[in-house]
Amino acid sequence: MTNTSHSNHSSNATQSSGIRGFLAGLSSLDRRWIFLGVALAVGIPILLKLSLPEVPGPMARATFNAIEKIPSGSRVLLAFDYDPASQGELQPMANALVHHCASRGHNIVFMALWPLGKQLADKTIKDVLKEFHPEYVEGTNYVQLGFKTGNEGVIKLMTTAITEQYPNDASGAALTDIPLMSGVNKLSEFKLIGTISAGYPGAKEWVQYADGASPEAFTLVAGSTGVQVSQLLPYYPKQLEGLLVAVKGAAEYEMLVTEKYPVARHQGRLEEGRRRMGPQLVAHLLVIGLIVLGNVAMIAARGAKGGAR
Amino acid sequence: MSVTMNTPTSGNRLLWISLMVFGMVGLSLNAFARKDGMAHGYVEVKEVERVQVTVVQSAGAGAASADAELKWVAPTDPKIASGEYTRVAGVAPRAWTVESLVPAKEAAMMMTARDAGDLTVERVEPSAINTFGIWIAAFLTLGIFSFLYRDNPWYKVAESVLIGVSAAYWMINAFWSTLVPNLFGALAPTLVRAVASPDLPVSSSPNSDFWLAVVPLILGFMLLWRLAPKGGWISIWPIAFIIGTTAGLKLVSGIEADLMAQAVATMQPLVVLNPADSATATASSFSFSAISFWGSIGSVVSVVGVLSVLTYFFFSLEHKGAVGKTARVGVWFLMITFGSAFGLTVMGRITLLAQRFEFLFTDWLNIG
């Protein structure tokens, strides 16, 4: 009996020291193992094409409804206020937004407050507008105004005189000669303004200078990177009628758009957001697991120190 | 708990070297054992043709046939058929090709479709320069990732290229998008149009533009004066101008959009009705089922959050008693906000990593 009890104690002690040893080992873990873990957590779901169904949240629905509710054929302004560094998060939104506007028959005016935004708008025109809506004619159904330097000054001037800021479109044609821009000289003459924004200048400046100048004139919606979105959340839903929050918002919005307006080929161009949610899930689970494990190790280390005293 | 980045021990080093060798063997197998196992860039080739036309002057526009506007348009432009444009006789059409990058998988599908006789699909061709571009992008991406193992010359090369290209890009961008159109274009429009920017818009008031450009030119020189050994104080004046105009611009919008509109957005009913019921609700027809439970909770949390955080930042009273407790609640709200912002940042960073992996797997290794 004594022997058995001793053996149980010894086995428990070995087990306990094994767990303690593991937890103590964690405190000196080489961080490269964590990098490798994150790489696998992101890489494997991409290779396995792990994709999850998205349930659209209220902000993605609000963005979708804002574009749905304006009359077909309305003039909308889309500002590409980002560059390739944020393409992973924002390009899926841009693709879905342009496809949605074109599917509703809205006339689209593209512009950019970021120098490389113009190139990304061109890419979206080529990959989405010309691919899925070949009936769209430049000058009549869409216009590319391009990039203009001046940050919020550009928005401020556009509230009263678009042609002073943009006398020509990106191809050099005078704005007054473009049918879609005929008689348009103020932001308030657009039904909807959408900004896809990675920082300054971006959605915050559109709220401050465009919506602030004429709050009732048009609907303002935004898509934002995760880093920036906490600055924008206070504006929703009064000043920003719709807000797409990082890649999650993009995935939800893609879901809503492609459910109503499916495409026959190159569907992948409207699934980028959803495709990136699989790696998100696994990587987030890993991060949460590591945070929990780290805290357990810390508590165990404190306990061990207390016991030693 | 401290996570370390130790210099690898011999056992550890062996493990990492094994992993790298395993990766290299995998890459080599993929490259040589699979058809299209490594990056090939493809381009979509489009034929473009333009013809020169004259814009037909409408009656009463003046007999300015000598100044008639010339344009290059597509031969299929509907304005040629409608008579708004007239082809210029004796000027040969100009034709060229435009190439744009296509992902390998789409290129394969497009080539299959064209081979099957679908001529509506654009022509796709392999492109040596884009293949080279993909390899350079993969080399630099892996170079940046290599820092995760330890600092090394490959990472340094990638980092230096990034910094150099970014600095050069911003300098050139500022020159061509700000100085050329806004300053030089206003000071010497004819010269700029002739040598630098043919599409510079024609101003209706060149004289006033000239004098309006002289002011920033002088301010610009004054700003650069701080680089001179003497008279650095001269740069204070343009700095004061910049601060003054920026403050003026931001003050109004800040008060309107961030103070007034936000205050109004916070003044909301604590009991929120369901949207369908709120339109028809009257005092006599009110029922508890019309209340939106989560809407009301959100409203209360929002108001409590604003008031408690404002109390935390209110330093005219000592944070003791009721004020201290309210401020403590404010701290909790702040912590939750920071946590949520951190979570969103993590989400953003993982997306960027996923996008680079997609590039490596799909465009470079062709295994995605």
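Values quoted throughout were computed directly from the atomic coordinates according to the rules given, and no laboratory measurement underlies them. None of the values given here were measured: they were computed from a predicted structure. Heads up, the Cβs are rebuilt from the backbone with ideal geometry, glycines too, and the neighbour counts pull from every protein chain shown.
Across the range A:107-255, Cα pairs under 8 Å and at least six residues apart give a relative contact order of 18 percent. Amide H to amide H, with H built 1.01 Å from N, B:TYR42 comes under 5 Å of B:VAL102, B:SER127, counting only residues 5 or more places away or on other chains. Applying Stokes-Einstein at 10 °C and 1.306 mPa s to the Kirkwood radius of the range B:128-183, computed over alpha-carbon pairs, gives a translational diffusion coefficient of 121 µm² s⁻¹. Using a Debye calculation, one point per C-alpha and no hydration shell, please list log10 I(q)/I(0) for the range B:40-126 at q = 0.15, 0.16, 0.27 Å⁻¹ in order. Rounded to two decimals, the profile gives -0.69, -0.73, -1.23. Tabulate in residue order the Karplus-calculated ³J(HN,Hα) for the range B:142-155, using 6.51 cos²θ - 1.76 cosθ + 1.60 with θ = phi - 60°, rounded to whole Hz; enter x for Gly and Pro. Whole-Hz 3J(HN,Hα) from phi for the range B:142-155: 5, x, 5, 4, 4, 5, 5, 7, 5, 4, 7, x, 4, 4.
Taking all Cα pairs closer than 8 Å and separated by 6 or more residues, the relative contact order of chain B comes to 15 percent. Among beta bridges from DSSP that stay inside chain A, the antiparallel ones total about 5%.
Note on chain B: dipole from Cβ charges, positive end direction compared against B:GLY324, B:LEU270, B:SER166; the farthest Cα belongs to B:GLY324.
Two tests apply to each whole DSSP H helix in chain A, Cα reach of 30 Å or more along its axis and mean Kyte-Doolittle hydropathy of at least 0.5, and the ones passing both are A:277-308. Computed from the C-beta positions of A:THR163 and A:TYR200 and an R0 of 25 Å, the FRET efficiency is 0.45 to the nearest 0.05.
Against the empirical 2.2 N^0.38 Å (N residues), the range A:49-104 has a Cα radius of gyration ratio of 1.30. Taking amide hydrogens as placed 1.01 Å from N in the peptide plane, the amide H of A:THR159 sits under 5 Å from those of A:LEU187, each at least 5 positions away in sequence or on another chain. Residue order for B:ASP363, A:ASP83, fewest other beta carbons within 10 angstrom first, comes to A:ASP83, B:ASP363. Using R0 = 25 Å, the C-beta based FRET efficiency linking B:LEU310 and B:ILE243 works out to 0.30. Quick one: plug the Kirkwood hydrodynamic radius of the protein assembly as shown (C-alpha pairs) into Stokes-Einstein at 37 °C, 0.692 mPa s, and report D in µm²/s. Calculated translational D: 110 µm²/s.
Exposed loop positions in chain A were taken to be GluC sites (Glu not before Pro) whose DSSP state is not H, G, I, E or B and which have at most 15 other beta-carbon atoms within 10 angstrom. Between these positions, the longest stretch is A:1-134. Neighbour counts of other Cβ atoms within 10 Å put A:LYS49, B:LYS79 in the fewest-to-most order A:LYS49, B:LYS79.
With loop membership from DSSP and a limit of 10 other Cβ atoms within 10 Å, the longest segment of chain B without chymotrypsin sites (Phe, Trp or Tyr not before Pro) is B:1-312. Once the convex hull of all Cα atoms in the range A:224-308 is built, its volume per residue stands at 126 Å³.
Legend: Rg and Dmax of chain B, from Cα coordinates, 32.6, 92 Å. When the C-alpha to C-alpha distance is required to be over 27 Å, the pairs from A:LYS130/B:LYS71; B:LYS79/B:LYS105; A:LYS204/A:LYS248; A:LYS148/A:LYS186; A:LYS130/B:LYS105 that qualify are B:LYS79/B:LYS105.
Where both residues lie in the protein assembly as shown, what percent of DSSP beta bridges are antiparallel, nearest 5? The antiparallel fraction comes to roughly 45 percent.
Dividing the C-alpha radius of gyration of the range A:166-206 by 2.2 N^0.38 Å, with N its residue count, gives 1.41. A cut-off of 5 Å between modelled amide H atoms, ignoring neighbours fewer than 5 places along the same chain, links A:THR195 with A:ALA79, A:VAL221, A:ALA222, A:GLY223.
Largest GNM mean-square fluctuation across A:SER51, A:SER28, A:SER214, computed for chain A with C-alpha springs under 10 Å, falls on A:SER28. In terms of surrounding Cβ atoms within a 10 Å radius of their Cβ, A:VAL109, A:VAL38 rank from fewest to most as A:VAL38, A:VAL109.
Working note: Karplus 6.51/-1.76/1.60 with θ = phi - 60° gives the range A:143-148 the couplings 9, 10, 7, x, 8, 9 Hz, where Gly and Pro are set to x.
Write down Rg/Rh for chain A, rounded to two decimals, with Rg from the C-alpha atoms and Rh from the Kirkwood relation over Cα pairs. Value, to two decimals: 1.19.
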